[in-house]
Structure formats: C-alpha cells, structure tokens
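Inspection log for the structure reproduced underneath, given as structure tokens.
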2 protein chains.
Amino acid sequence: MSITEVNGHATEATTLEVKDSPFLQALVQQIRVNDPYGTFRNWSDDLLLKPFVVSRAKKREISVEGEVDPITKGRILAFFRAVATRIEQETGQMSQVVVDLSHEGFGWALVFSGRLLLVSRTLRDAQRYGFDSLEKLAAEGEKLTQSGVDMATRYPEVCKL
Amino acid sequence: MSITEVNGHATEATTLEVKDSPFLQALVQQIRVNDPYGTFRNWSDDLLLKPFVVSRAKKREISVEGEVDPITKGRILAFFRAVATRIEQETGQMSQVVVDLSHEGFGWALVFSGRLLLVSRTLRDAQRYGFDSLEKLAAEGEKLTQSGVDMATRYPEVCKL
C-alpha cells in the first residue's frame, strides 16, 4: 500500500521506503511490540507510520489547550524508544527512555545510559507532535541516533556508572 | 512548634532542627516558593515538612492501586528539586529535575546538568512516598546531594554539553 492511498486523499509524494531506513524499521518495531491484541497485525508499515506525519495545516487545527492525548504521548515515547534501540544497535549500550510532559504539552524527552544523557530534548506543543513527511521523520530519528552514538563513544565510562 | 504537637499525637522524638540541615532548609524553600496563594505563610517549617514523614504502619494503610496522588507527586518533585538546589549551592552547576511516574507508581526521578545525570533514582510504590523520620529525610537528601556533587566534580565537561 502506498502512503498516498492511506487516508483516501493525496499527500506529499514520497520515495522513501521503510525498508531503506533503519530508524523507520526500529520505529515500526516499537509500534508492533506494543500491540498486545494484534490490532496492527495486518497493517502495512506505511500505515503504522502514517500518524507520525502531520501537515502544518493539520497542526494548526489541533488545540494546544489542555492535556496531551495519551495516543500522542505514546507516539512520542515510541519515537524516542526507537532512537534508543538504534543507539543500542550501533554501540551495544542499553538505555532508558523518559518522557515527562506537563499538562500544557511542555516537557522533556530523555534517553540515558548509566549517568550519561545520550539524547536530551525539550518538547513544546506536544499535542501537535508530528513531522512534515516520512523523510523528515526518518532524518530526525537518524540525526538523534547519530548524536547519541557520538555521546556514547565519547564518554563510555559515564555510561557504565 | 515542636513536631510532636503537630498532629496532636506523639511521634518519634526528634532532636534535629530545620536550621541545622541545609537540605531541610532547601526543601522548606521549595515548598514556600510553590505557594502562590500564601497558604503556608504562617506555617512553621516543621509543619511544612511533616507530610514527608510517613511511618511504616501508615504506609501499609496507603493503597498502591491506581494513580499517584498529585500532592504526593508534588512532594517527590520538591524533594528532588531541593537536592538540585543543594548541588547548585555546592558546585555552581544549574540542573533540571524530571520525575516520571507510571499510573502504577513506578518510575524515575532524575536530576541532570547538561548531559550528565547527577542523580538517577528508580521509584516504586510512589503512592507511599515518605521517610521514617525527619533525620532520615535529611540524611537521604544530604546523601543524594553529596553523590551529585561528586558526579559534577568528576565530569564537569559533560555538565557543560
């Protein structure tokens, strides 16, 4: 299934396939392991990643008043857990993920190993969490992975504390 | 006001005074700065710290089913913010505090500066958060402060990232 068909309306044409991006593969895996009732068993990878792509117009429609929707929060957690998985694949360092959001959609996403923060991101307007395209999603995931790998390589002794 | 009078029933006799513990002073300060309506203005320091002391018998009475009470969560946050304040007083390193609790009372409390975790604690049964006595509260706060100061002194360059 191509991404264009998913919601029955045209989206930005994309040439990136999930199988070409190790980060998108890790993200799909995160979603599938958190699927205890097998809801997504017959869904394509593209369909699973679809909610991570949110256009600017769509973002404007989402209110930033009040709590972050638990589904959106789950999506943020899946993203950073996928980054953690990718860093582990590259460096062998196991890590923990913590996402802390206030009721107003502000907060922190942290990936840490021992006493070292591999990834440290502030979040705002988390209600509108999403990326312009699948390419941007993959690029952001790979970028954070790379900076995490760099940190783990530079301070391996802090990871072991 | 002595701690024994506070709830009208006898508690373990205590000789520690808030003014003798830099950690307890920092904790009292945390509570007072988060008091926008001046509710605690006329409360003694001892009275403000009273809810941090929870006897074993009392803990057993608190259910660990369901969400952590927002007031308890605020108390955990105040504790770790006081640790962060004390570390800053000793080292000059500014830090951030994140407390992430699941709905079942499990989670993490983190104090970090730059990319270094100064304090990293797992929490469980957070619904029952509290200490046996004011002395134990002060001792735990000082111990975490000291280990945070050690970390900041050992890896100052990671704090600056």
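Residue check, A:GLU157 against (1) part of a helix (DSSP H, G or I); (2) away from every other protein chain (no Cβ under 13 Å); (3) surrounded by fewer than 19 Cβ atoms within 10 Å (Cβ to Cβ), all met but one. Which one?
It is condition (2) that A:GLU157 fails.
So, in segment B:93-109, exactly how many residues are under 26 Å from B:GLU65 (Cβ atoms), surrounded by 18 or more Cβ atoms within 10 Å (Cβ to Cβ), within 13 Å of another protein chain (Cβ to nearest Cβ) and in contact with a helix residue (DSSP H, G or I) (Cβ under 8 Å, 6 or more places away or on another chain)?
The total comes to 4.
Which residues, taken from segment A:109-128, are under 26 Å from B:SER95 (Cβ atoms) and in contact with a Gly (Cβ under 9 Å, 6 or more places away or on another chain)?
Those that are under 26 Å from B:SER95 (Cβ atoms) and in contact with a Gly (Cβ under 9 Å, 6 or more places away or on another chain): A:VAL111, A:SER113, A:LEU117, A:LEU118, A:VAL119, A:SER120, A:THR122, A:LEU123, A:ARG124, A:ASP125, A:ALA126.
Would you pick out the residues in segment A:61-92 that are within 13 Å of chain B (Cβ to nearest Cβ) and under 12 Å from A:GLY148 (Cα atoms)?
A:PHE80
Return a yes/no flag: does segment A:135-153 have any residue that is part of a strand (DSSP E or B) and at the interface with another protein chain (Cβ under 9 Å from one of its Cβ atoms).
The answer is no, given that none of the residues of segment A:135-153 is part of a strand (DSSP E or B) and at the interface with another protein chain (Cβ under 9 Å from one of its Cβ atoms).
Of the residues that sit in segment A:39-57 and are over 18 Å from the mean Cα position of the chain (by Cα) and among the hydrophobic types (A, V, I, L, M, F, W, C), which one is surrounded by the most Cβ atoms within 10 Å (Cβ to Cβ)?
Among those residues, the one meeting the criterion is A:TRP43.
So, in segment A:90-108, exactly how many residues are within 16 Å of the chain's Cα centre (by Cα) and more than 17 Å from B:LEU116 (Cβ to Cβ)?
Count: 5.
Testing B:GLU88 on (1) touching a Ser or Thr at 6+ places or on another chain (Cβ under 8 Å); (2) among the charged types (D, E, K, R); (3) at pLDDT below 95, one condition comes back false. Which one is that?
Every listed condition holds for B:GLU88 apart from (3).
Aliphatic (A, V, I, L, M) and within 21 Å of A:PRO22 (Cα to Cα): is that true of A:VAL53 in this structure?
Considered against the rule, which asks whether it is aliphatic (A, V, I, L, M) and within 21 Å of A:PRO22 (Cα to Cα), A:VAL53 comes out as yes.
The values are calculated or read from the model by the stated rules, or taken from the named source; none is laboratory data. The structure presented is a predicted model; accordingly, all values stated were derived computationally and were not measured. A quick note on method: Cβ atoms are made from the backbone with ideal geometry, for glycine too, and the neighbour counts reach across all protein chains shown.
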